[in-house]
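The values are calculated or read from the model by the stated rules, or taken from the named source; none is laboratory data. Nothing here was measured: the structure is a model prediction, and the numbers come from that model. All Cβ positions, even for glycine, are placed from backbone atoms using ideal geometry, and neighbour counts span all protein chains on display.
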Amino acid sequence: MTNEHAMWLPDEVSRAVRGRSIAVIGDGMLLDTVRAEAERAGMTTARPGDRADLTIVPAAQAGTAWEEPLDLDGLGPEGFVHTQRDGRAVVVYGGASGALYGWFDHLRRSLHESGDGTDRCEPRHPLRMLDHWDNVSIHPVMGQVERGYAGGSIFYEDGRVRADLSRVARYARLLASVGINRVAINNVNVGRREALLLTEDLGEVVRIADLFRPWGIRTHLAVSFAAPLTIGGLDTADPLDEDVASWWEDAATAVYARIPDFGGFLVKADSEGQPGPYAYGRDHADGANMLARALAPHGGLVHWRAFVYNHRQDWRDRSTDRARAAFDTFAPLDGRFDDNVVLQVKFGPVDFQTREPVSPVIPAMAHTKVALELQVTQEYTGQQRHAVYLAPQWREVLDFAPFGPDAAPLSDIVQGGMAAVSNVGDDAFWTGHPLAQANLYAYGRLTWDPALDPRAILDEWIALTFGDDEAARRGIRSILDDSWRTYESYTAPLGVGFMVSPLRGHYGPDVDGYEYSPWGTYHFADRDGVGVDRTVATGTGYAGQYPEPWARTYESLETVPDELVLFFHHVPYGHRLHSGATVIQHIYDTHFAGVERVDEMAATWDDLRGHVPDDVHDRVRERFVEQRRSAREWRDQINTYFFRKSGVTDERGREIY
Ligand code: GCV
């Protein structure tokens with residue numbers, strides 16, 4: 001077996017600072033982490049009185065003797081200023097975590113000539129979270145990690161927390177280096193075994209929290225809303241019941257006694273079978289606020305998920321629309337959530353599809369702290385068998401301006417920061433597909449600075465991971481830059497979504513897999529046309545959940561963007577897109593082109609032999625064999641399905657079965 005891969009922090013990264021001297025000023029756990037990092041990188045400690053090549057100094061002590069003092073006003077606890085004095089680097093930090101982030105920033109800069117300017121760096125949001133969907137016991141269907149494509153869990157094994165958690169410490173270091181500061185360590189689907197992490201197994205959570213703490217990361221737990229009933233010995237979990245409220249208060253007090261920096265609870269309630277306040281005739285504000293009050297005295301948060309919909313629908317009932325559900329549930333509750341509740345909203349209204357419009361819940365909650373939820377794990381985007389770089393998708397989401405192009409983008413509107421589902425497991429490469437490491441890296445960097453360009457992030461990741469081989473950089477960029485759109489081109493067309501196999505865990509094509517299922521209906525294809533009518537005029541009315549100009553933009557076929565046309569409209573196969581192609585010809589063209597593009601990507605990778613380590617090359621190569629096979633399967637099933645439905649032949653006479 002391959003040794004554990006170092007991801008973007010191989011020892012080589014520190015070559016530029018090796019042998020240089022450092023002075024770290026300040027005390028405490030995080031400063032000790034920085035000192036240990038410097039030692040690991042081969043730096044020497046400057047003697048008192050000597051000028052160090054790098055000085056890391058708290059804002060309060062910085063620059064009193066400098067000729068040009070820095071403007072450090074309002075520098076937050078996670079912020080730092082990168083500057084130079086007499087040609088030597090200085091990192092001035094706001095708080096201890098700023099020192100740690102400043103250290104990693106310095107490492108990144110040292111890879112290139114960083115110029116001699118002064119940069120003030122602060123995270124855009126204080127909440128930068130990763131959620132693990134790891135189960136303690138092996139779930140009979142989902143396994144150890146739900147939607148995990150990288151082996152087992154780094155936290156759990158054989159129904160318990162691992163005895164050896166050393167990998168968690170290395171994970172924490174990697175996460176800190178990209179700015180992640182909160183991790184939820186168990187699946188939002190909380191089984192009985194997992195619920196016990198809060199109580200009987202708290203000692204095990206303490207072990208994990210101890211490993212995250214030196215890296216400035218707070219530990220969160222996903223909890224079951226029914227815990228007072230299922231593990232607490234009460235006969236109800238009603239959020240308005242006093243005994244229930246005190247059960248949660250006691251549980252929270254016990255946690256904080258042992259984990260003083262505990263982050264809080266993550267809750268999936270009344271969703272896909274998870275218990276919630278509806279069972280007691282209460283609403284989601286009642287439920288979330290009760291938990292929030294238990295945590296508030298300790299400074300904890302409730303991340304309450306907005307992923308609420310009816311998963312027992314009748315496909316015959318055309319009036320139910322899963323896309324509407326979160327808005328219908330939560331928009332009326334805006335303003336009712338306590339201050340320490342964060343409403344965690346998936347980026348789209350359905351479920352992390354390759355292409356969805358941005359969720360209308362986010363602009364609807366002006367008086368609620370909303371966090372944007374993304375999925376780094378590639379559930380619907382190739383399951384880490386396909387090379388798909390997701391940052392361009394996230395870029396589009398973050399740039400979406402819900403109130404029109406002249407108003408604020410989403411990245412400015414989400415006040416509760418960002419959360420995402422991790423793609424990491426106990427695989428030697430951490431992420432199964434080595435190129436999927438770029439997604440984790442990019443997610444972290446975007447939580448810190450949501451304005452970053454995906455291509456620049458990729459360059460940074462490549463340089464850290466593979467060094468400065470120009471062929472590797474060009475090759476990997478050409479594979480990954482457009483890989484999300486390539487994946488889109490050979491899978492479900494024009495925003496319609498799903499078409500994945502329910503039986504193969506959402507992997508591979510099955511056009512009608514969900515069409516007659518209780519989980520929602522997604523394409524309504526018949527001999528005349530395809531797509532879901534979500535207009536106000538004749539459909540489910542979902543388009544009307546957007547503020548202007550989007551409600552009107554999506555409502556009309558004249559203005560709806562091509563890539564979302566089938567999400568909002570049911571159209572004939574001959575409908576002409578803005579691109580000039582008909583819907584049916586677009587389906588054929590993109591599916592043929594997508595496969596050709598994957599072949600090119602695979603060939604590019606072959607050429608990189610010798611430019612990346614052999615074990616990385618082998619693993620990615622093996623994944624490309626599968627991606628090429630799977631892309632053909634998608635192409636042929638989608639094209640054949642629509643050819644048979646429509647009877648329309650391909651203008652270019654290519655092979656359709
Ligand atoms: C953890 C989708 C996934 C589920 C996941 C759910 C969620 O439905 O398929 O595995 O559950 O989203 O986000 O809660």
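R322 falls short of the stated requirement of being surrounded by fewer than 24 Cβ atoms within 10 Å (Cβ to Cβ) and more than 20 Å from Q375 (Cβ to Cβ). Is it the case that some residue within the stretch 214-223 is under 27 Å from the mean Cα position of the chain (by Cα), surrounded by fewer than 17 Cβ atoms within 10 Å (Cβ to Cβ) and part of a helix (DSSP H, G or I)? No, the stretch 214-223 contains no residue that is under 27 Å from the mean Cα position of the chain (by Cα), surrounded by fewer than 17 Cβ atoms within 10 Å (Cβ to Cβ) and part of a helix (DSSP H, G or I).
When the stretch 172-213 is examined, which residues are found to be more than 12 Å from V161 (Cβ to Cβ), more than 20 Å from the chain's Cα centre (by Cα) and of a type in the set (G, A, S)? Result: G191, A195. Restricting attention to the stretch 516-528, the residues that are surrounded by fewer than 20 Cβ atoms within 10 Å (Cβ to Cβ) and either in the same structural domain as R312 (by TED's automatic domain parsing) or within 28 Å of the chain's Cα centre (by Cα) (or both) total 3. The condition of being aliphatic (A, V, I, L, M), surrounded by 16 or more Cβ atoms within 10 Å (Cβ to Cβ) and out of contact with any Leu (no Cβ under 8 Å at 6 or more places or on another chain) holds for only one of L75, L100, L111, that being L75.
The set of residues in the stretch 567-606 that are outside any helix (DSSP H, G or I) and under 28 Å from the mean Cα position of the chain (by Cα) is empty. Determine, yes or no, whether E194 is modelled with pLDDT of 95 or more, part of a helix (DSSP H, G or I) and within 16 Å of the ligand (Cβ to nearest atom). Yes: the conditions hold for E194. Every condition in (1) touching a residue at least 24 places away in the same chain (Cβ under 8 Å); (2) within 16 Å of the ligand (Cβ to nearest atom) holds for R109 except the one numbered (2). Test L564 against the stated conditions and say whether it is within 27 Å of P405 (Cα to Cα), outside the structural domain of G404 (by TED's automatic domain parsing), modelled with pLDDT of 95 or more and assigned to a helix (DSSP H, G or I). So L564 fits the description; yes. Checking the stretch 582-602 against the condition returns a match, with at least one residue being of a type in the set (S, T, N, Q) and within 21 Å of S630 (Cα to Cα).
Evaluated against (1) surrounded by fewer than 17 Cβ atoms within 10 Å (Cβ to Cβ); (2) not small (G, A, S); (3) not assigned by TED's automatic domain parsing to the domain that holds R109, D50 falls short on exactly one condition, (3). Does A209 satisfy being closer than 30 Å to I457 by Cβ and either in a loop (DSSP other than H, G, I, E, B) or of a type in the set (A, V, I, L, M, F, W, C) (or both)? For A209, the condition - closer than 30 Å to I457 by Cβ and either in a loop (DSSP other than H, G, I, E, B) or of a type in the set (A, V, I, L, M, F, W, C) (or both) - is met. May I ask you to verify whether N181 is crowded, with 18+ Cβ neighbours inside 10 Å and within 16 Å of the ligand (Cβ to nearest atom)? So N181 does not fit the description; no.
In summary, helices (runs of 4 or more DSSP H) completely within the stretch 278-370 and bearing 1 or more residues that are away from the ligand (no atom under 16 Å from the Cβ) and closer than 30 Å to P392 by Cα occur at 325-330, 361-364. When the stretch 143-172 is filtered for residues that are part of a loop (DSSP other than H, G, I, E, B) and in contact (Cβ under 8 Å) with a residue 40 or more places away in the chain, the ones remaining, listed by number, are E146, R147, G148, Y149, A150, G151, G152, S153, I154, F155, L165. Residues in the stretch 119-143 that are of a type in the set (D, E) and more than 10 Å from the ligand (Cβ to nearest atom): D119, E122, D134. From the list G335, G299, G281, the one residue that fits, being surrounded by fewer than 23 Cβ atoms within 10 Å (Cβ to Cβ) and either of a type in the set (V, I, T) or within 24 Å of A254 (Cα to Cα) (or both), is G299. Count of the stretch 260-275 residues, restricted to those that are surrounded by fewer than 24 Cβ atoms within 10 Å (Cβ to Cβ), in a loop (DSSP other than H, G, I, E, B) and within 16 Å of the ligand (Cβ to nearest atom), is 4. So, G233, is that one on the phi > 0 side of the Ramachandran plot and touching a strand residue (DSSP E or B) at 6+ places or on another chain (Cβ under 7 Å) or not? It is false that G233 is on the phi > 0 side of the Ramachandran plot and touching a strand residue (DSSP E or B) at 6+ places or on another chain (Cβ under 7 Å).
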